[in-house]
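The values are calculated or read from the model by the stated rules, or taken from the named source; none is laboratory data. Computed from a predicted structure; not experimentally measured. Here the Cβ positions follow ideal geometry from the backbone for every residue, glycine too, while neighbour counts run over all protein chains shown.
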Amino acid sequence: MTRPRDIESRLGLFDDLSGILNAMRSFALAELRRVGRHEAAQRAADAALAQAVADVAPALPQPPAGARRDVWVLLGSVRGFCGSYNEDVARHFRQRRAAIGTAIVVGERLGALLAEPDDVVRVAGAVGAADAADTIERIVRALDDPRARPDPAQGLVICWRDEGGVAERRILPIDVPAQAAAGNRPVTFAPLPQVAAGVARHYVFHRLLSSLVGALRVENQMRLLLMENALRHIERKREDLRRSRNQLRQEEIIEEIELVGERRPPAESEP
């Protein structure tokens, strides 16, 4: 009787795990819907700021020519159960390390994988789309760290896990089309260089935010895939246990029938 009880115990455990995984799957689906709404609004903001940058391009400072060691922002996952998300970003960073100056590591899990205290600035990451803007504020403040402040001889690159692998996006220097830079200067109340500096700050903020929202989408897609694979695996194991339980029950019934047959008294002989 020990084995049937073991099977029932394991089935109960699988039921509990299935309930937890289904709840996590629901959270990932809900977060994907929120991220989708944020991405739609972010695309509109990016397009408006790209046009604004083109309008003030003549007043933007020109980056110096020559070699440059970029400041990198590495976006990691705060929550677990998203596959190799953080490991992929950390591996890519190590492969490109020679060309990188200071790194701003976003998220505690990714920070734990990159134990380089001298030239790594750590920033708390975003749990979901709702606190994505607050995370970008923390990144912008981290750029004021003497180790991470991009000067005219440095660029700013953001790195995250995308659908096809690790992605990079250059934020600074701002890529302005040549025809935009040669266009007519807009009429502004404040001096144009001051307006251009403000537009550039907003542009950097929203380019960072756009990358973070995309990273959150991929993170939750990976989490959702992991949860669904785990649920399918549990269901297969559960079916195997149910078959074993049914087989044991059949064997027990057969044994009972045989025992009953052995205990039956012999038929009385006729006179």
*Any chance segment 61-69 includes a residue that's modelled with pLDDT of 90 or more, surrounded by 12 or more Cβ atoms within 10 Å (Cβ to Cβ) and more than 17 Å from Leu225 (Cα to Cα)?*
no
*Taking segment 70-119 on its own, how many of its residues are of a type in the set (Lys, Arg) and either within 23 Å of Leu21 (Cβ to Cβ) or crowded, with 18+ Cβ neighbours inside 10 Å (or both)?*
2
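Quick one: in segment 238-271, of everything that is β-branched (Val, Ile, Thr) and modelled with pLDDT of 80 or more, which residue is nearest to Ile7 (Cα to Cα)?
Ile253
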*Collect the residues in segment 78-111 that are among the small types (Gly, Ala, Ser), over 20 Å from Asp145 (Cα atoms) and under 20 Å from the mean Cα position of the chain (by Cα), keeping them in residue-number order.*
Gly80, Gly83, Ser84, Ala90
*asked:* Pairs needed: first member in segment 39-56, more than 12 Å from His202 (Cα to Cα); second member anywhere, in a helix (DSSP H, G or I) and modelled with pLDDT of 90 or more; C-beta distance under 6 Å; at least 6 residues apart or different chains.
replied: Glu39/Val213; Gln42/Ser210; Gln42/Val213; Val56/Val199
*Would you mention how many residues in segment 70-114 are more than 15 Å from Glu219 (Cβ to Cβ) and either of a type in the set (A, V, I, L, M, F, W, C) or assigned to a strand (DSSP E or B) (or both)?*
16
